[in-house]
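Since the structure comes first, as structure tokens, the remarks are kept for the end.
The values are calculated or read from the model by the stated rules, or taken from the named source; none is laboratory data. Predicted model, so just to flag it, every value in this text is computed and none were measured. Glycine gets a Cβ as well: all are built from the backbone with ideal geometry, and neighbour counts include every protein chain shown. The area values use the complete protein model at the heavy-atom level, side chains included, leaving out ligands, DNA and RNA. Shrake-Rupley method; radii C 1.70, N 1.55, O 1.52, S 1.80 Å.
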Amino acid sequence: MEKTMTATATCSKCAYWKSVSSDKGECRRNAPQSVVFAVDEDTRFETRFPETGSADWCGEYSAKA
């Protein structure tokens, strides 16, 4: 039997998702990812969780308790 996503299995309803605004949030399923960027002549490093929209979805969905 093939699995399919439904409209209810979205990021906003996932246990791994943390809302940061009404329609955006952070996926906390995995560790934060490193981000490298330049500021003037310096290179900066930061870690961030991937940002997703509340209506986005993936194959790792887990319903909130």
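Express the C-alpha Rg of the stretch 5-65 as a ratio against the empirical globular expectation 2.2 N^0.38 Å, rounded to two decimals.
Numbers: Rg = 14.2 Å, N = 61, 2.2 N^0.38 = 10.5 Å.
Output field value: 1.35.
Suppose every K and R has +1 on its Cβ and every D and E has -1 on its Cβ; what is the size of the dipole of the chain about the Cα centre, in Debye to the nearest 20?
Numbers: 9 positive and 10 negative charges, 100 e Å.
Using only the charged Cβ atoms, the result is roughly 480 debye.
Kindly state, to the nearest 0.05, the FRET efficiency for Gln33 paired with Ala63, given R0 = 22 Å and r defined as their beta-carbon distance.
Working: r = 24 Å, r/R0 = 1.11.
Working from the Cβ atoms, E equals 0.35.
Of Asn30, Thr8, Ser19, which is farthest on the positive side of the dipole of the stretch 8-55, counting Cα position, with +1 on Lys and Arg Cβ, -1 on Asp and Glu Cβ, and the Cα centre as origin?
It is Thr8, whose Cα lies furthest towards the positive end.
What's the longest uninterrupted piece of the chain once you rule out the GluC sites (Glu not before Pro) that are loop residues per DSSP with at most 10 other Cβ within 10 Å? Walk me through the numbers before you get to the answer.
Values: sites that count: Glu2, Glu41, Glu60.
Answer from the scan: 3-40.
Packing-wise, with mean Cβ within 10 Å as the measure, how do 10-16, 53-59 rank, highest first? Intermediate values should be presented prior to the final figure.
Values: 10-16: 17.7, 53-59: 13.4.
So the order, starting with the most tightly packed, is 10-16, 53-59.
Write down the accessible area per residue of the chain in Å², having rolled a 1.4 Å probe over the full set of protein chains. Write down the numbers at each step before the final one.
Values: 5340 Å² over 65 residues.
I get 82 Å² per residue for the chain.
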